[in-house]
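Trainee: I'd like to ask some things about the structure below.
The values are calculated or read from the model by the stated rules, or taken from the named source; none is laboratory data. Everything quoted here is computed from the prediction, not taken from an experiment. Virtual Cβ from ideal backbone geometry, glycine too; neighbours counted across all protein chains shown.
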Amino acid sequence: MNPSADFSLAGLYAAIDAQRQARGLTWQQAVLEINMVFGRISSRPISRSTVTGLRTKAVAEGDGVLAMLEWLNRTPESFLPGVDGADVSGTNRLPDVPPASGLRFDTKKLHAALNVQRVARGLTWQQVGREIGLSPATLTHLSKGGRTGFPDVMRITRWLGQPVAQFTRAAPW
């Protein structure tokens, strides 16, 4: 896949900064709100440097990005080149989660969908990795659960032709 068509972390930073400024918030206040998106501060709060560092980072932790997207009321797909940033409707919309929960990636579900598509197309993990632009080890590691990051998850879901929201779940903090 073409890296220039990746999820834009710099664009996410710019959107957060614009929202922060429009609301007259300091970075500390904005980050506090981001951490409270799901009703309380998580046991692993997002730091200010994590948010402000998005403007120059190539990769960001997925669950933290989900919290930032929720704060902005934006879909992950809205940060792809050529997509309307205001589109938060339909199947791309991130699911609502109950209080004291956070939105997490279901990496086992993501791996299962990859494997179904891989088998249906008669591909090896190496071939899938080449098509997506990620190592086969990155893809097969998803089967263990755990975390994933941006822009990797966007590359995978675009290859699957499914919205990111299909691979998220509510989880207690």
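Trainee: Exactly one of (1) outside any loop (DSSP other than H, G, I, E, B); (2) under 15 Å from the mean Cα position of the chain (by Cα) is unmet by LEU94. Its number?
Mentor: Of (1) outside any loop (DSSP other than H, G, I, E, B); (2) under 15 Å from the mean Cα position of the chain (by Cα), only one is false for LEU94: (1).
Trainee: In this structure, does GLN166 turn out to be under 26 Å from TRP71 (Cβ atoms) and assigned to a helix (DSSP H, G or I)?
Mentor: Judged against the criteria, GLN166 is a match.
Trainee: Look at ARG147 and say whether it is of a type in the set (Lys, Arg), assigned to a strand (DSSP E or B), touching a strand residue (DSSP E or B) at 6+ places or on another chain (Cβ under 9 Å) and surrounded by fewer than 16 Cβ atoms within 10 Å (Cβ to Cβ).
Mentor: Judged against the criteria, ARG147 is not a match.
Trainee: While we're on this one: ARG118 fails exactly one of the following numbered conditions: (1) surrounded by 15 or more Cβ atoms within 10 Å (Cβ to Cβ); (2) closer than 23 Å to GLY102 by Cα; (3) charged (D, E, K, R). What is the number of that condition?
Mentor: Checking ARG118 against (1) surrounded by 15 or more Cβ atoms within 10 Å (Cβ to Cβ); (2) closer than 23 Å to GLY102 by Cα; (3) charged (D, E, K, R), the one that fails is (2).
Trainee: For residues in the range 4-22 being out of contact with any Pro (no Cβ under 8 Å at 6 or more places or on another chain) and at pLDDT below 95, which is surrounded by the fewest Cβ atoms within 10 Å (Cβ to Cβ)?
Mentor: ALA10
Trainee: Give the range 38-66 a look and list any residue that's over 18 Å from LEU110 (Cβ atoms), buried (at least 19 other Cβ atoms within 10 Å of the Cβ) and at pLDDT 90 or above, or say none.
Mentor: Hits for the range 38-66 are VAL51, LEU54.
Trainee: Just for the range 4-22: of the residues that are part of a helix (DSSP H, G or I) and charged (D, E, K, R), which one is nearest to VAL164 (Cα to Cα)?
Mentor: Top of the filtered list is ASP17.
Trainee: Could you count how many residues in the range 51-64 are over 14 Å from GLU33 (Cα atoms) and in a helix (DSSP H, G or I)?
Mentor: Adding up the residues that qualify gives 6.
Trainee: Please verify whether the range 84-106 includes one or more residues that are aliphatic (A, V, I, L, M), modelled with pLDDT of 95 or more and buried (at least 20 other Cβ atoms within 10 Å of the Cβ).
Mentor: Scanning the range 84-106, I find no residue that is aliphatic (A, V, I, L, M), modelled with pLDDT of 95 or more and buried (at least 20 other Cβ atoms within 10 Å of the Cβ), so the answer is no.
Trainee: While we're here: If you scan the range 102-124, which residues turn out to be over 15 Å from ARG155 (Cβ atoms) and in contact with a helix residue (DSSP H, G or I) (Cβ under 6 Å, 6 or more places away or on another chain)?
Mentor: Those that are over 15 Å from ARG155 (Cβ atoms) and in contact with a helix residue (DSSP H, G or I) (Cβ under 6 Å, 6 or more places away or on another chain): LEU103, ARG104, ASP106, LYS109.
Trainee: Go through the residues of the range 112-127 one by one and say whether even a single one is within 29 Å of ALA15 (Cα to Cα), not in a strand (DSSP E or B) and not assigned by TED's automatic domain parsing to the domain that holds ALA18.
Mentor: no
Trainee: Scanning for something part of a loop (DSSP other than H, G, I, E, B), surrounded by fewer than 15 Cβ atoms within 10 Å (Cβ to Cβ) and of a type in the set (Asp, Glu), does the range 130-139 turn up at least one residue?
Mentor: Checked against the condition, which is being part of a loop (DSSP other than H, G, I, E, B), surrounded by fewer than 15 Cβ atoms within 10 Å (Cβ to Cβ) and of a type in the set (Asp, Glu), the range 130-139 yields no hits at all.
Trainee: Let me ask another. Of everything in the range 118-143, what is under 19 Å from the mean Cα position of the chain (by Cα) and in contact (Cβ under 8 Å) with a residue 24 or more places away in the chain? Give them in sequence order.
Mentor: ILE132, GLY133, LEU139, THR140, LEU142, SER143 - these are the residues of the range 118-143 that are under 19 Å from the mean Cα position of the chain (by Cα) and in contact (Cβ under 8 Å) with a residue 24 or more places away in the chain.
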